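Working notes, structure below.
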Amino acid sequence: MNAKTLRVMLAASFLGGCASTSEVVTGGTAPQRPMHSAADYNFRDDGPADIYDPFESVNRTIYTFNARFDEYVFLPIVYAYEAIMPDPLEDRISDFFSNLSEIPTFANSLLQGNMDHAGRALHRFAINTTVGLLGFVDIASAAGVPQEREDFGQTLGVWGMDNGPYIVLPILGPSNLRDTTGLAVTTLATMTAIPGDTQDTTAYKAANYGLRPVNVRRNIGFRYYNTSSPFEYDLVRLLYTQKRELDIER
């Protein structure tokens, strides 16, 4: 097994989709609650020397806040959502938001000059939006058309922009200057593209600020302080950085 394959396996199994990319957790049952609380750990201040983390002290504080927010606010909402929603409806909502993600994937694939991913995203969006009832049914995956995820942080990386300093964003989790810049540009572009009248509707607000984040968290298998390691911050920092490098290399 070569080093690159090992890095892929580690990143996929541990992070399960932190921040920009995710591995979907199937099934409607709620995962077990974390075995430990945030207060159970006292992390070291040192970490891998090859990852630029000049704001480490602040980042660790935000990481602890995120863990507590996740355990006491976010996950209880997710568990309540899973308890109330029938499993088939949860899957339809997940498919709907997944279909919407084909739009930025298509745009960023074009910007990267990756015509294969652009064509696949367009193909998936066309099939799922029409035959798949506005994206509520993922017909494309059932037909053997796999999904790719491309974001503007990856595009900046393809264009040659370095990671910059490692950053832990409140609630959103691990990132870096390049990916945070990409997220900001994507958010601004989305707000500009969607008419103000639409953004002011109750349905849009409920979907974008309610269902979407709950669905995203539901589909991320990672649970804070459930790794049996006192150096979890270091592991997340390392694996997030390596995973994003692999995302750009694809």
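The values are calculated or read from the model by the stated rules, or taken from the named source; none is laboratory data. Keep in mind that what you see is a predicted model, and the values were worked out from it rather than measured. As a convention, Cβ positions derive from the backbone with ideal geometry for all residues, glycine included, and neighbour counts pool all protein chains shown. These accessible areas exclude ligands, DNA and RNA; they are computed on the full protein's heavy atoms, side chains included. Shrake-Rupley method; radii C 1.70, N 1.55, O 1.52, S 1.80 Å.
Within the range 68-93, residues that are under 15 Å from Ile220 (Cβ atoms) reach partners that are among the β-branched types (Val, Ile, Thr) and surrounded by fewer than 17 Cβ atoms within 10 Å (Cβ to Cβ) with beta carbons closer than 8 Å, at six or more positions or on different chains, in the pairs Phe69/Ile171; Phe74/Ile171; Glu82/Thr29.
Here is a yes/no grid of residues against (1) in contact (Cβ under 8 Å) with a residue 60 or more places away in the chain; (2) farther than 25 Å from Val78 by Cα; (3) not basic (Lys, Arg):
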{"residue": "Leu133", "(1), (2), (3)": "no, yes, yes"}
{"residue": "Gly153", "(1), (2), (3)": "yes, yes, yes"}
{"residue": "Trp159", "(1), (2), (3)": "no, yes, yes"}
{"residue": "Asn163", "(1), (2), (3)": "yes, yes, yes"}
{"residue": "Val185", "(1), (2), (3)": "no, yes, yes"}
{"residue": "Ile194", "(1), (2), (3)": "no, yes, yes"}
{"residue": "Thr202", "(1), (2), (3)": "no, no, yes"}
{"residue": "Gly210", "(1), (2), (3)": "no, no, yes"}
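Would you mind stating whether Arg217 is more than 23 Å from Pro76 (Cα to Cα), open to solvent by less than 40 Å² (accessible area, probe 1.4 Å), at pLDDT 95 or above and part of a helix (DSSP H, G or I)? No; evaluated as a whole, the condition is false for this residue. Val73 passes every criterion in (1) of a type outside the set (D, E, K, R); (2) at pLDDT 95 or above; (3) in contact with a helix residue (DSSP H, G or I) (Cβ under 9 Å, 6 or more places away or on another chain) apart from (3).
Can you tell me which condition Ala39 does not meet? The list is (1) in a loop (DSSP other than H, G, I, E, B); (2) modelled with pLDDT under 95; (3) open to solvent by 30 Å² or more (accessible area, probe 1.4 Å), and all the others hold. Tallying (1) in a loop (DSSP other than H, G, I, E, B); (2) modelled with pLDDT under 95; (3) open to solvent by 30 Å² or more (accessible area, probe 1.4 Å), Ala39 fails exactly one: (1). Being open to solvent by 40 Å² or more (accessible area, probe 1.4 Å), part of a loop (DSSP other than H, G, I, E, B), at pLDDT 95 or above and farther than 30 Å from Asp234 by Cβ is not true of Leu188.
Restricting Asp53, Asp91 to residues that are of a type in the set (Asp, Glu), in contact with a strand residue (DSSP E or B) (Cβ under 7 Å, 6 or more places away or on another chain), at pLDDT 95 or above and crowded, with 18+ Cβ neighbours inside 10 Å narrows the list to Asp53. Counting just the residues of the range 165-178 that are open to solvent by 40 Å² or more (accessible area, probe 1.4 Å) and in contact (Cβ under 8 Å) with a residue 40 or more places away in the chain, which one comes out nearest to Ser109 (Cα to Cα)? The qualifying residue nearest to Ser109 (Cα to Cα) is Leu172.
Rundown of residues vs (1) in contact with a Lys or Arg (Cβ under 9 Å, 6 or more places away or on another chain); (2) assigned to a loop (DSSP other than H, G, I, E, B); (3) open to solvent by 50 Å² or more (accessible area, probe 1.4 Å), yes/no style:
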{"position": "Thr180", "(1), (2), (3)": "no, no, no"}
{"position": "Arg212", "(1), (2), (3)": "no, no, yes"}
{"position": "Phe222", "(1), (2), (3)": "no, yes, no"}
{"position": "Tyr225", "(1), (2), (3)": "no, yes, no"}
{"position": "Tyr233", "(1), (2), (3)": "yes, no, no"}
{"position": "Val236", "(1), (2), (3)": "no, no, no"}
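Only one of Arg149, Arg124 is touching a residue at least 12 places away in the same chain (Cβ under 8 Å), open to solvent by less than 20 Å² (accessible area, probe 1.4 Å) and among the basic types (Lys, Arg). Can you tell me which? Testing whether each residue is touching a residue at least 12 places away in the same chain (Cβ under 8 Å), open to solvent by less than 20 Å² (accessible area, probe 1.4 Å) and among the basic types (Lys, Arg) leaves just Arg124.
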